[in-house]
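Here's the structure we're looking at; comments come further down.
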Amino acid sequence: DDDHNIFTQKLCDFTLQRNSDFMWCPHCSGGFINDIQERNCVTCPTCQKKSCFKCREKWEEQHEGKSCEMFQRWKAENDPAFQAKGLAAHMARHGITCPSCKYRYELSRGACMHFTCSQCKHEFCSGCDNPFMRGNECGRSDHKMLGFHCHCPRDCLSRLRDYAVEKLQNILQKSTVEYQTEPTEAQVRQAEEKAEEEGGQRQVQCSINEQKQDGARLYDELCGADTAEGHAGLCEKHYKEYLVQLINNNALDPALFMDADDLALVIWQNDLVDDKPKQQSGVSEDDYKKQLLEV
């Protein structure tokens, strides 16, 4: 019957997803096994389109004979369509990957961090990959009455997106990590051409791909929001996501750059203490922060 067929299919998918030779096709929703590990260019048996087994990107002839890193550099330097997307192309390459089945989405984290994988239905935080759980499924008896929730670390996008852009940039500056602030020439040129055609002012628009919801229907759509000066061709929300991505990729601990009040708030928000810690009389600001960092 239908229920048996669905169960059998899910069991098959579950087994395949844990095979290191298995990959999801970036062109369609099909998956397959690469039976020759040395071969990077593989063809999907469902849609017959090619992709790279190593980087999971759609295959292009310029990838031939180049490592995945060399190919991405080539695209950044030579592909007009890639250049026109600016940082949106970079963020798509570092989009959302399901921690359960490894299916990859070329999407931003969007406004809601609660992400449901369309392939295996695993529910997780797209900022830190930690699972969403109901009540005390998380192992904490005091969370029995909580609804669906996730225990996110302090460097998760869900925590850091409330920071001002300048504060996130400051974390990167103090750690000598470079970040972009200007849109690409291709983005500016594209905005100028659109303004000329429509007779309006030049305005670079954010071209990040988002997952959105309309009732029970999920769909992908470009952000399209206007961008601000100094945000590298992204809207504020997605520029913050880009900066947090750099913080995460460089393993920076934001707590080291927080003042004592912010650190106390984070400790309380993470349920590490019952009440927000307070600075005791006679304890200096530096000593208070050291105490908080030890929690």
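Ordered by 1.4 Å accessible area with all protein chains kept, Y103, Y179 run largest first as Y179, Y103. Sorting the segments 130-139, 49-58 by their residues' average number of neighbouring beta-carbon atoms within 10 angstrom, most packed first, yields 49-58, 130-139.
Here the Debye sum runs over all C-alpha atoms of the stretch 104-173 as equal scatterers in vacuum, and log10 of I(q)/I(0) at q = 0.11, 0.12, 0.28 Å⁻¹ comes out as -0.34, -0.41, -1.24.
Full extension of the chain segment joining H27 with E166 gains 46.3 nm, where the gain is 0.36 nm per residue of separation less the Cα-Cα distance.
Once you divide the Cα radius of gyration of the stretch 178-258 by 2.2 N^0.38 Å, the number left is 1.35. The reciprocal of the average 1/r between distinct C-alpha atoms defines the Kirkwood hydrodynamic radius, which for the stretch 106-252 equals 17.4 Å. Sorted on the mean count of surrounding Cβ atoms within 10 Å across their residues, most packed first, peptides 149-155, 35-41 read 149-155, 35-41. Each label was represented as a point 7 Å from its Cα along the Cα-to-Cβ direction; for S175 and T43 these points are 4.4 nm apart.
The values are calculated or read from the model by the stated rules, or taken from the named source; none is laboratory data. The shown structure was predicted, so the numbers you read here are calculated from the model rather than taken from an experiment. Here the Cβ is made from the backbone with ideal geometry for all residues, glycine too, and neighbour counts use every protein chain on show. The protein model used for the area step is the full one, side chains on, heavy atoms only, and it has no ligands, DNA or RNA in it. Shrake-Rupley method; radii C 1.70, N 1.55, O 1.52, S 1.80 Å.
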